[in-house]
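Peer 1: Take this structure first; my questions come after.
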Amino acid sequence: MRSVLIVIALALLLAHHGIAAPAGQTRIDLDHEIGFNGKFKLRNWTPLQVTLENRGPETRGRLEVIVTSGSEYRGDVYQTIYTTEVDLPRGTRKRYPFTVLIKSYTHDLLIRLRQNDKVLLSRSINLRSHFTEKDFVIVADNFLMPDTLSVMPEHLYPANIRPRSLPEKWYGYDSVKLLILRSDAIGGLRDRQFQALIRWLKQGGSLVLGSGLNYGSLTSLRIRRFLPIAVRGHRQLTEIASLKQFCGRGIAGIEPFLVLATRIDGSRILAKENDIPIVAKKSIGFGETIFLAFDLNSPPFSRWEGRRMFWGKILSLQREQIRPAIELEDRRIVKAMLTEIPLGLAKFSTVVGFVGAYLVFLWIILKKIRRPGKSRWLYGMLGLVLIIIFSFIATLGLNKARTNAKFAYNSFCQLDVDDSNTPAIANFFIGLYSREKSAYGMKFGTHFYPVHHILPEKSATRTPAPYALHQTDSGQQLIGSISRWSQIMFKLKLHLASPLTGYARRDGSVLTLELDSELPHDLVDCLIYYNKKYSTAPNIRAGKRQIVKVDLVKLKKKEIFGGHHIDKLIRGYKGNGSNGYLRIAQQHLTPDFLLGIHEKYRSRPNSVVIIGWLDHGLIQPEFNRSRMPPGSGITVINWELPVEITL
C-alpha cells in the first residue's frame, strides 16, 4: 500500500512540473479558417486564419502556408510560400492571419509548422469544396436572422462571418463586393482589421453600416474617422413609406418601431422619412459608406418582404469607376527593365560592334595573307598583333565586369494620382539580377501589399525561382534565392498618400494649373493632355508650388492627337541630366502610355492629365545586406485634375 502511494505521489509531482509527456514531444493542435465561412474566390486574394494551441512544452518555429499553382500538363507548377515566426509558450492559443492568392483548386493547400529542418505539424487541405467563382457579400455579425443570406442577390455569394474573422490586410477584401456591419462591431475590431477596412474603403470598397438600440458606438473616434455623424436620438415610427420610392416597397410595422435620427456631414440622403434620414451615403476616397437608421436584425426589417429588392438597390448604388484606369502592360515594362540591367555588363550593341570589327579586320588580313608574295609574312604578323590586341581588350572588359557588383536590381513605378483625398495607386516592378547564386531578402516599409512574380515574355523557364512572403510585426519581407546568371521579377500594388496636390481652372482662353509637389525629385519631361491634344510643360519642381498656364488659343490650332505625333513628342524629351535607363523606358513605354490616356480621356473635356517622369525610384527597397546593392529606379506619374470653368 505504501509503494502505491509513493507511485501516485511521484505521478502528481511530474504532472505538476509539466513532465507528463516525454521530453521534446510537441502537443500542438491546429485549426484553420479559409476565406469567408470556408469559401474563397479563385484568382483573388483571400484571408486565411490559422490557430495553434500548445498543450505541450514551449515551442518556437516557423509557420508556413504553401499554395501550389499551375498545371502538370503545361509544366508550370510552382509554389508560393507564406511564412511567419511562431512563439508558443505552454498552454497558449494564438491566431496567425495570412492573406493568400489561390489560383487553382486542383492542388491541396499545405499548412505546416517547422522547427529548423524538422516538421512538427502538417495539415493538407483539399480546396475543391472551398472555391467559388462569385464575388462575396459579407454579413459580419455574431447574431443573424436565419433567412438573411437567402435574400441577397443571386449573382453574389452571401457569407456570414464573425467580425473577429474580418481580414487584417486591405487586399483580403479583394473578392468582397459589399460588407454589411453593425456600428457597434467597429469598436471590437483589432487595430489591423480597422486599418485594413479603412484602406479598402478608400480604394473603392462598399460598406453598409447598420444602427441598433445602442448608438453610443457611433460617437467613437474610429467611426468619426470615416463617418462624421451627429446623433439626435431615437424616433418612433409605424412605417417607412419613403423606401417604396427608394427600392419599390415600403416598410409597415404591426407595432411602432425605433429608428435613429442622425446628421452626417457631406452625405447624400437617399431615403428620408419626415426629417429623419433613413438611408444616407457618404463617400470616402473611391469608396462609400451607406448608413441605415434601423436595425437589420430587428422587426420590421428582419421580416420585410422587400429585403431582396432593398439589397439589389443598395448594390446598384455602388460607385462606378469614375476615373479611367491607365495601366501599362507588364510585358512592356519588363522588357524595358531587362534592356538596362545594372550589373556593369557591356551593352549588347557594344558587344556586337566589338565582335563585328574583329571579324572584319580578321577577314581583311586573311584575304591579304592568301595572296602570294613576301607581304604574306607581314600580314601574318599583323594578324597575330590584331588577335593579341582584341584579346587584351576583351580580357579588360571581362575583368571589369568581374570587379563590379554580382547582385543588383532595377525598378519601375507607375503612380496614378487623383487628388489629396484619395490614395495614389502605385504599380511597382522590381527586378533582381545576379551573376552568382545568391540569397536575398527585401522589404518596402512597414505595410503589407499583394505581390506577384512575373516571368519575362521569352523566359527560358516556366516557373519562378523559389521565394517566400514572410510577415512580421514590422511589415512584410520577400525572401528567396536566385541562381547564377539569372533574374527574378516581382510586381507589387501599393497605395500611397498623394505626393501631388493642385487644381485646374479654365478662364476664357487660358487654362491655369496651380501645382504643389512633395516629391523628393523634380518631375521632368512633362506633358499636359487636354481636349484631345498634348502640349509640353515645364518641369514640376520638388517641394515647390508653381503656376503653369496653357494658351488655349494656340492649343486649339493644334491637330488632334494621333499615333503619328508620338515620335515628335519623344524627341521633345529634354533629358534633364537623366540616366540612360529613363531614356530606354521612355522609348519603350511612351507610345502605349500616350495612346492609352488619349483613348480613355478623349471624351472627358472637364479633365486635364499631367504626365511626368522621375529619374529616381519613388519607392526604395530595403535589403537585408550589409551594403545596399547597386540599382536604379524610375517613376512615371499620370495625374488627373478636374477643370473648373469660370465665365
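The values are calculated or read from the model by the stated rules, or taken from the named source; none is laboratory data. A quick note: this is a predicted structure, and the numbers were derived from the prediction, not measured. Glycine gets a Cβ as well: all are built from the backbone with ideal geometry, and neighbour counts include every protein chain shown. Ligands, DNA and RNA are stripped out before the accessible areas are found, and what is left, the full protein with its side chains, is counted by its heavy atoms. Shrake-Rupley method; radii C 1.70, N 1.55, O 1.52, S 1.80 Å.
Peer 1: Amide H to amide H, which residues 5 or more places from Asp76 or on other chains are under 5 Å from it, using H placed in the peptide plane?
Peer 2: Ser71
Peer 1: Per-residue counts of other Cβ atoms within 10 Å, averaged by peptide: what ranking do you get for 521-528, 441-448, highest first? Walk me through the numbers before you get to the answer.
Peer 2: Details: 521-528: 21.4, 441-448: 16.6.
Top to bottom by mean Cβ count within 10 Å: 521-528, 441-448.
Peer 1: A further question follows. Return the sequence-ordered ³J(HN,Hα) values of region 539-545 in whole Hz as given by the Karplus equation 6.51 cos²θ - 1.76 cosθ + 1.60 applied to θ = phi - 60°, using x for Gly and Pro.
Peer 2: Going residue by residue, I get 4, 9, 6, 5, x, 10, 10 Hz, with x marking Gly and Pro.
Peer 1: Non-local amide H neighbours of Leu519 (under 5 Å, H modeled in plane, Pro and chain starts lacking H): which ones?
Peer 2: Close amide H contacts, sequence-distant or interchain: Gly543.
Peer 1: Treating cross-link reach as a plain straight distance, find the aspartates and glutamates whose alpha-carbon is under 17 Å from the alpha-carbon of Lys491, omitting any fewer than eight places away in the same chain.
Peer 2: In chain and number order, the partners are Asp174, Glu327, Glu329, Asp330, Asp416, Glu457, Glu622.
Peer 1: Between Ala357 and Arg60, what length comes free when the chain is fully extended (0.36 nm per residue of separation minus the Cα-Cα distance, one decimal in nm)? Don't jump to the answer; show the numbers that get you there.
Peer 2: Working: separation 297, 0.36 × 297 = 106.92 nm, distance 6.27 nm.
So the extension gain works out to 100.6 nm.
Peer 1: Tell me, what ³J(HN,Hα) does each residue in region 297-302 have, in order and in whole Hz, if you take phi through Karplus 6.51 cos²θ - 1.76 cosθ + 1.60 with θ = phi - 60° and put x for Gly and Pro?
Peer 2: Values per residue, Gly and Pro as x: 9, 10, x, x, 5, 5 Hz.
Peer 1: Of the labelled options (i) 27.7; (ii) 29.6; (iii) 32.0, which one gives Kirkwood radius over Cα pairs in Å as computed for this structure?
Peer 2: (ii)
Peer 1: I would also like to ask the following. Non-local amide H neighbours of Arg249 (under 5 Å, H modeled in plane, Pro and chain starts lacking H): which ones?
Peer 2: Lys244
Peer 1: Please go through region 560-617 and write out the trypsin sites (Lys or Arg not before Pro) that DSSP classes as loop and that have at most 15 other C-beta atoms within 10 Å. Mind dumping the intermediate values first?
Peer 2: Numbers: sites: Lys568, Arg571, Lys574, Arg583, Lys600, Arg602; in loops: Lys574, Arg602.
Passing both the DSSP loop test and the Cβ count: Lys574, Arg602.
Peer 1: Heavy-atom accessible area per residue, region 479-539, 1.4 Å probe: how many Å²?
Peer 2: On the way: 2430 Å² over 61 residues.
Solvent-accessible surface per residue comes out at 40 Å².
Peer 1: Within the chain, what percent of beta bridges assigned by DSSP are antiparallel, to the nearest 5?
Peer 2: Working: 134 of 172 bridges.
Percent antiparallel among DSSP bridges in the chain is about 80.
Peer 1: Carbon and sulfur atoms: what percent of the 1.4 Å accessible area of the chain do they account for? Display every interim value, and only then the final one.
Peer 2: On the way: 17500 of 32810 Å².
Roughly 53 percent of what the probe reaches on the chain is carbon or sulfur.
Peer 1: Please identify the GluC sites (Glu not before Pro) of region 54-150 that satisfy two criteria: DSSP loop assignment and at most 10 other Cβ atoms within 10 Å. Which are they? If you can, show how the numbers build up before the last one.
Peer 2: Details: sites: Glu58, Glu64, Glu72, Glu85, Glu133; in loops: Glu58, Glu72, Glu133.
Hits after loop and neighbour filter: Glu72, Glu133.
Peer 1: Right, another one. For an R0 of 56 angstrom, estimate the FRET efficiency from the Cβ-Cβ distance between Asn421 and Arg90 and round to the nearest 0.05. Before the final figure, lay out each step's value.
Peer 2: Details: r = 50 Å, r/R0 = 0.89.
Given R0 = 56 Å and the Cβ-Cβ separation, E is 0.65.
Peer 1: When you have a sec, figure out the Kirkwood radius of region 402-536 from all distinct Cα pair distances and drop it here in Å to one decimal?
Peer 2: Kirkwood hydrodynamic radius for region 402-536: 18.2 Å.
Peer 1: Counting DSSP beta bridges with both partners in region 174-297, what percentage is antiparallel, nearest 5? Numbers along the way, then the final one.
Peer 2: Working: 21 of 30 bridges.
Of the beta bridges lying entirely in region 174-297, close to 70 percent run antiparallel.
Peer 1: Each residue of region 140-152 in turn: what ³J(HN,Hα) in whole Hz from Karplus with 6.51, -1.76, 1.60 and θ = phi - 60°, glycine and Pro shown as x?
Peer 2: 9, 8, 6, 10, 9, 5, x, 9, 4, 5, 6, 9, 7
Peer 1: Starting from the Cα-Cα distance between Glu239 and Thr472, subtract it from 0.36 nm times their residue separation and give me the gain in nm to one decimal.
Peer 2: On the way: separation 233, 0.36 × 233 = 83.88 nm, distance 5.20 nm.
Going from the current span to full extension adds 78.7 nm.
Peer 1: Hey, another quick one. Per 0.36 nm of contour for each residue apart, how much would the distance between Lys600 and Glu72 grow if the chain were fully extended, relative to their Cα-Cα spacing?
Peer 2: So the extension gain works out to 186.1 nm.
Peer 1: Right, next: Please tell me which of these pairs span more than 19 angstrom C-alpha to C-alpha: Lys533/Lys568; Lys118/Lys443; Lys554/Lys574; Lys169/Lys493; Lys335/Lys443; Lys39/Lys313?
Peer 2: Working: Lys533/Lys568 13 Å; Lys118/Lys443 27 Å; Lys554/Lys574 22 Å; Lys169/Lys493 13 Å; Lys335/Lys443 24 Å; Lys39/Lys313 25 Å.
Going by Cα-Cα distance, Lys118/Lys443; Lys554/Lys574; Lys335/Lys443; Lys39/Lys313 fall outside the 19 Å limit.
Peer 1: What whole number of Å gives the distance from the Cα centroid of region 129-160 to the Cα centroid of region 33-83?
Peer 2: Taking the Cα centre of each part, region 33-83 and region 129-160 sit 23 Å apart.
Peer 1: Asn274 label point, 7 Å along Cα→Cβ, cut-off 20 Å on backbone N: hits in region 207-244?
Peer 2: 211-215, 230-244
Peer 1: Chymotrypsin sites (Phe, Trp or Tyr not before Pro), restricted to region 119-203: which are DSSP loop and have at most 11 other Cβ atoms within 10 Å? Kindly include the intermediate steps, with their values, before the conclusion.
Peer 2: Values: sites: Phe131, Phe136, Phe143, Trp170, Tyr171, Tyr173, Phe194, Trp200; in loops: Phe143.
Sparse-neighbourhood loop chymotrypsin sites (Phe, Trp or Tyr not before Pro): Phe143.
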